Amino acid sequence: MPWMSFHTRRPQPPRLGDVSLFPTDHGEGEPVVAGKHIEVIDRLVRAGGAVLPSPETGYTVPFDPEVFKQVALDLLDAAGVRYLLHAFASGVRTPGRAGEVVFETKSGPVVVSARVTVDCTGDGDIAAAAGAPYEIGRESDGLVQPMTLMFRVVGFDPEPFARYVAEHPDQWRSVHGLWDLVEEATAAGDLDLPREDILFFRSAHPGEVAVNSTRVTQVFGTDVFDLTRAEAVSHRQMARIAAFLQDYVPGFADSYVVQSGVQVGVRETRRVLGDHVLTGEDILGARKFDDVIARGTYPVDIHNPEGKGTVLRSVPPGDAYDVPLRCLLPRHVDDLLTAGRCISGTHEAHSSYRVTPTAMATGQAAGSARRSRRPRAGFRARWRSRPCRRSWSGRAPTWARSARTSPGRSRPPTAPADHSGRPGPGRPYGTAGRRATGGPDSRSS
Ligand SMILES: Cc1cc2nc3c(=O)[nH]c(=O)nc-3n(C[C@H](O)[C@H](O)[C@H](O)COP(=O)(O)OP(=O)(O)OC[C@H]3O[C@@H](n4cnc5c(N)ncnc54)[C@H](O)[C@@H]3O)c2cc1C
């Protein structure tokens, strides 16, 4: 999947017949995430495992997951990190403290001690075990966003696909669509699509796409029985969608699934309550905080917890919201920080900051904060006195520096990309996402 939304958005007008297979609403704008994220991209590109962000990629970065694994190991080694794999954090030794975490391993339980622990489990497992308060799901009924098993398809021939889109320009919107073919396959009993349309992205290699079209609702990523069911259901969905692509979609006749995710992808579980709870209003109002440690631009993007449909609401063009340090400081557990998708926010806010670049930025911030002798009081005071508006490091690689000064930056915001699915009259900025769930609105992650 491409990493997205690490630039401010300058949405492009809808491009009928566009078969670049990149989203068009993540740039061109000012970069808002730098640091390790840029270093990872730079290493990936040098290793032939990613494509640089540019107007052609819609300012997203598709990458090769196998090259990523090598790059991640290289980075850990270069930083002198001692790491333990195949170890699952299952509890803490002292309630109310996270300094000694128990891991289940093949060698039996292992206790890892730290002055400050950073919970990057996505699910807030360590925070929950230590007794930090948390919330799950939307306010109305506690339901969470669905799970999705991603998969990569190779043997895709872009030319017949481009011809189909040229002949049926109402059937494809940059990374999603195929409504008529879905309808035809459904009527024939060949498909029972769990979402509103087919969604796929170009990968780092020609002839390959990353498909995001399975969906399992009403399952919780903190429940092993739900995870088991989601794993089985999503694999069955994948097989049907892959067969649909082969049998119905021009360009996919010789395609096959080369890899599915290492496990079904979990979008949403615990949100560990911190000293600030980031809200949907904070995101959509591009709110700024004195203790900012990361910035984000990804829309509020809520895949319907109950079925088809996706809500998309955008951060104002050219702007970004701040994530304050206080979202990383869980209440009641002093020797703990959170990073990634389990930081403190509402269901709506979480649907935005959950994406990879923002998660990486909070991870780097937590890693830096962890070094403080008093991570809560001391670190907060330090950031207050030195607010960080620049997340862009002076040591950024040349391609990243040039992105900052690209001529497009000074242009006024253009009309937004139309993510309304089927073509129709253009709508004023921001209205697309306000539709209720159920429409073909999504090109999301
Ligand atoms: C289907 C799907 C599509 C997405 N598409 C995009 C996209 O196109 N672009 C984008 O930028 N983002 C996308 N995202 C979002 C992004 O992948 C994640 O939300 C983001 O990576 C969150 O990172 P994280 O590290 O906080 O959590 P996770 O990615 O969930 O990582 C948590 C890690 O902790 C490990 N772990 C969990 N519990 C324990 C434990 N108890 N002990 C030890 N280890 C544990 C897990 O195995 C995992 O490795 C997508 C997400 C999903 C689910």
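The values are calculated or read from the model by the stated rules, or taken from the named source; none is laboratory data. Here the structure is a predicted model, which is why all the values come from computation and not from measurement. Cβ coordinates were reconstructed from backbone atoms using ideal geometry, including for glycine residues, and neighbour counts include every protein chain displayed.
Brief remarks follow.
- Residue in the range 336-345 that is over 22 Å from the mean Cα position of the chain (by Cα), modelled with pLDDT of 95 or more and crowded, with 20+ Cβ neighbours inside 10 Å present: yes
Residue by residue, here is whether (1) surrounded by 15 or more Cβ atoms within 10 Å (Cβ to Cβ); (2) farther than 30 Å from residue 159 by Cα; (3) free of Cβ contacts under 8 Å to residues at least 24 places away in the same chain; (4) not aromatic (Phe, Trp, Tyr) holds:
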| position | (1), (2), (3), (4) |
| --- | --- |
| 260 | yes, no, no, yes |
| 263 | no, yes, no, yes |
| 267 | yes, yes, no, yes |
| 270 | yes, yes, no, yes |
| 285 | no, yes, no, yes |
| 291 | yes, yes, no, yes |
| 294 | yes, yes, no, yes |
| 297 | yes, yes, no, yes |
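- Condition check for residue 59: in contact with a strand residue (DSSP E or B) (Cβ under 7 Å, 6 or more places away or on another chain) and hydroxyl-bearing (Ser, Thr, Tyr): yes
- Test: residue 202 is of a type outside the set (A, V, I, L, M, F, W, C) and surrounded by 19 or more Cβ atoms within 10 Å (Cβ to Cβ): yes
- Of all the residues in the range 340-370, those that are part of a loop (DSSP other than H, G, I, E, B), away from the ligand (no atom under 12 Å from the Cβ) and in contact with a Gly (Cβ under 9 Å, 6 or more places away or on another chain) number 2.
- All conditions in (1) within 23 Å of the chain's Cα centre (by Cα); (2) modelled with pLDDT of 95 or more; (3) within 16 Å of the ligand (Cβ to nearest atom) hold for residue 132, with the sole exception of (1).
- Qualifying residue in the range 301-310 (condition: outside any loop (DSSP other than H, G, I, E, B), at pLDDT below 95 and crowded, with 24+ Cβ neighbours inside 10 Å): yes
- Checking 5, 107, 20, 113 one by one, the residue that is more than 13 Å from the ligand (Cβ to nearest atom), in contact (Cβ under 8 Å) with a residue 40 or more places away in the chain and of a type in the set (Ser, Thr, Tyr) is 20 and no other.
- Residue that is crowded, with 20+ Cβ neighbours inside 10 Å and under 15 Å from the mean Cα position of the chain (by Cα), where the choices are 320, 365, 349, 369: 349
- Boolean, residue 111 is aliphatic (A, V, I, L, M), in contact with a Phe, Trp or Tyr (Cβ under 9 Å, 6 or more places away or on another chain) and either closer than 22 Å to residue 361 by Cβ or crowded, with 20+ Cβ neighbours inside 10 Å (or both): no
- Pairing each residue of the range 178-207 that is among the β-branched types (Val, Ile, Thr) with any residue that is part of a loop (DSSP other than H, G, I, E, B) and surrounded by 13 or more Cβ atoms within 10 Å (Cβ to Cβ), provided the two are 6+ apart or on different chains, yields C-beta distances under 6 Å for 182/193; 198/178; 198/213.
- Residue within the range 296-304 that is more than 15 Å from the ligand (Cβ to nearest atom) and of a type in the set (Asp, Glu) present: no
- Evaluation of residue 44 against (1) assigned to a helix (DSSP H, G or I); (2) in contact (Cβ under 8 Å) with a residue 12 or more places away in the chain; (3) surrounded by fewer than 19 Cβ atoms within 10 Å (Cβ to Cβ) (one fails), failing number: (3)
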